[in-house]
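These notes concern the structure reproduced below.
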Amino acid sequence: MDLGGLVASSGGLAPIPAVHRQLLDSCWLLDNAAAIPAQRKAHCEYANRVSNLGQ
């Protein structure tokens, strides 16, 4: 996973949306029935935030 892409933001440096999408793709196991409910919720919330990054 390439973590080298950073952009300046008001809060300092923030990873570009592609990095967040790579991280989300690598955590797909947290979005299934075998995961703990809190893990599924966290994955869902993060997925929603990542999907809103490009907007």
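Annotation for residue 42 and residue 23: the two label points, set 7 Å from Cα along the Cα-Cβ direction, are 1.2 nm apart.
Taking Lys and Arg as +1 and Asp and Glu as -1, the other residues whose beta-carbon sits under 14 Å from that of residue 47 total +1. In plain terms, the chain from residue 53 to residue 31 could stretch by 5.9 nm, reckoned as 0.36 nm per residue minus the Cα-Cα distance.
None of the figures in this text is laboratory data; all of them are computed from the coordinates on show. Everything numeric in this text was worked out from a predicted model, so none of it was measured. Neighbour counts are summed over all protein chains in view; Cβ atoms, including those assigned to glycine, are modelled from backbone coordinates with ideal geometry.
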